[in-house]
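Just so it is clear, none of the values below were taken in a lab; they were calculated from the coordinates. These numbers were taken from a predicted model, which means no experiment stands behind them. No Cβ is skipped: glycine too gets one built from the backbone with ideal geometry, and neighbour counts run over all protein chains shown.
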Amino acid sequence: MRRRLPLTIGVVASLALGAAIAVPQIASASSTLGQHAAARGKYFGSATDNPELTDAPYVSILSSEFNQITPGNTMKWQYTEPQQGQFSYGQADTVVSLARSNNQSVRGHTLVWHSQYPGWVDSVPANQLLGVMRNHVTNVAGHFQGQVIHWDVVNEAFEENGTRRQSVFQRNIGDSYIAEAFRAARAADPAAKLYYNDYNIEGLGAKSDAVYAMVQQFKAQGVPIDGVGMQAHLILGQVPSSIRQNIQRFADLGVDVAITELDIRMNLPRDATKDAQQANDYRTVVDACLAVTRCVGITVWDYTDKYSWIPSVFPGQGAALPYDENLNKKPAYTAIHDALAGTTTPPTTPTTTTPTSGPGGCTATYQIVSQWTGGFQANVTVRNTGTSAMNAWAVRWSFGAGQTVTNLWNGVVSSSGANVTVRNATYNGTIPANGTTSFGFLGSWTGSNPAPTGLTCGST
Ligand code: G3I
């Protein structure tokens, strides 16, 4: 059951152009993701892009649910300096204005990247590229001075094995281009926190080790770096187990950490089992950020499957975001909400039947494996307590609070009102003496989810 929220009072920096005015945020059970994050001293934001801003229902949620915005494209070099020395800020200004009107902070993304830059950059003579890069950073960071809380100064500069990516900047300027970009950004906007941003650095590994070493070196050399952005374009069921430890080790270097582009993709089509796994995965990421003081916030890479970049780049995959393509909340939304709200998962005490008597008897042990608001996953273990093998089994119970089974595996379910019967599947009816088999299911609940009553197991 969702516990009643205490009136959690947090303090966040005012979003008014970086002014350090502290305002209290009070979150209630029905608060938005942004409000819950603010109550924990963090932000929860979304990327967006200009074409989507004509979609009024989309904008309504974007404007109300999140307290931070990242322009997904229109601050990139391709858009801001399409011809050399000709700067163009109209589209990015539109996103920033919208965010400001909604009291949302803005992450600037991104100043120097090997992708989405205009073709003329490739033609700049090698010995002029440092000046050209500095000029770009100076102009763009200068234009948005005071309007962005963070800049992703350099994006994706490392390969998976931890070596430098051979971008045009790396090839023509050399290793120093990253530090030079940070120095130019600091000079142009001294108040913005300056981030290095990359993907596949959420867990421990060669690539995050390389970024770690660079941050350590920058700190030692006085290069102005304030944060590391972990993009977190993740795969269902594959949240790195070291994510919290990895966030903490960067924080321990004296930089902030932000989860900057979170999405968790799956093989399509969606189903209830995948949605449940995705909800758990989102919760893992949010909990990892909440556990580290210097993890300052989380941004999803747009909030709805309607506008996700995933299907066009990973054919057959998608459904990566907390809202579906019809702007309905998915289980992932609830998981994020409850993690930010600090809602505790109810105890999952196993419920065990008493053995039925006589040969061929069996017991059933019912256990809730995980639970989130509105849903849960349970596992039932069937044990043959008789002295000979049984060839069929049936487990029965009654739900006492309106719960329902929504999706069951390794068994065949039939329900009648509150009464549920699960019989063996064709392949797991035979259980040797003292052997076990099990089935699992996803269920739904509202209000409370007490253990079922009348749990029995029999051979028919
Ligand atoms: O603007 C043109 C439009 O005129 C044209 O009609 C249309 C046809 O395809 O393409 C439009 O450009 C697209 C652009 O997004 C704007 O929608 C590009 O084709 C498309 O490749 C581009 O994709 C962006 C991608 O970066 C490029 O690598 C995604 O929207 C954007 O979400 C994505 O974001 C990156 C982060 O910046 C860095 N981390 C990875 C992340 C995902 O790739």
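Angle, helix 177-188 long axis vs. longest principal axis of the chain, Cα atoms, 0 to 90°, nearest 10? Relative to the chain, helix 177-188 is tipped by roughly 70 degrees.
Taking the fewest neighbouring Cβ atoms within 10 Å as the starting point, the ordered list for Trp309, Trp393 is Trp309, Trp393. Each semi-axis of the equivalent ellipsoid for the chain is √(5λ) with λ an eigenvalue of the Cα gyration tensor; in descending order they amount to 50, 23, 19 Å. Taking amide H positions as modeled 1.01 Å from N, with prolines and chain starts lacking one, the residues under 5 Å from Thr299 and 5 or more places away or on another chain are Gly45, Ile259, Thr260, Glu261, Leu262. Panel order for Asp324, Asp305, Asp122, by other beta carbons found within 10 Å of each beta carbon, from fewest to most: Asp122, Asp324, Asp305. Projecting the Cα atoms of Thr363, Tyr282, Ser438 onto the dipole axis of the chain, where Lys and Arg carry +1 and Asp and Glu carry -1 at the beta carbon, places Thr363 farthest toward the positive end.
Using only the alpha-carbon atoms, how far is helix 331-341 inclined from the longest principal axis of the chain? Give it as 0 to 90 degrees, nearest 10. Rounded to the nearest ten degrees, it is 70. Listed by chain and number, the lysines whose C-alpha is less than 24 Å from the C-alpha of Lys76, apart from same-chain residues fewer than 8 away, are Lys193, Lys207, Lys306.
Dipole orientation for the stretch 33-341: of the candidates Gln104, Tyr79, Val211, Val211 has the Cα lying most toward the positive pole (charges on Cβ; Lys, Arg +1; Asp, Glu -1). Within the same chain, aspartates and glutamates fewer than 8 places from Lys42 are excluded, and of the rest, those with a Cα less than 17 Å from its Cα are Glu65, Asp226, Asp256, Glu261, Asp287, Asp338. Between the helical axis of 206-221 and the longest alpha-carbon principal axis of the chain there is an angle of about 40 degrees.
DSSP finds beta bridges in the chain, and of those with both partners inside it, around 60 percent are antiparallel.
Of Trp309, Val140, Ile178, whose Cα points farthest to the positive end of the dipole of the chain (charges on the beta-carbon: +1 Lys, Arg; -1 Asp, Glu; origin at the Cα centre)? The residue sitting most towards the positive pole is Trp309. Put a plus charge on the Cβ of each Lys and Arg, a minus charge on the Cβ of each Asp and Glu, and nothing anywhere else: the dipole of the chain about its Cα centre is then about 1160 debye. Fewest neighbouring Cβ atoms within 10 Å first, the residues Leu194, Leu442 line up as Leu442, Leu194. Working from Cα pairs under 8 Å separated by at least six residues, relative contact order for the chain is 12 percent.
For the listed peptides 75-84, 229-238, a ranking on the average number of other beta carbons within 10 Å per residue, highest first, reads 229-238, 75-84. Note on the stretch 236-276 and the stretch 402-460: Cα centroid distance 32 Å, given to the nearest whole angstrom.
Loop exposure criterion: GluC sites (Glu not before Pro), DSSP state outside H, G, I, E and B, at most 15 other Cβ atoms within 10 Å. Applied to the chain, the longest stretch between such sites is 161-324.
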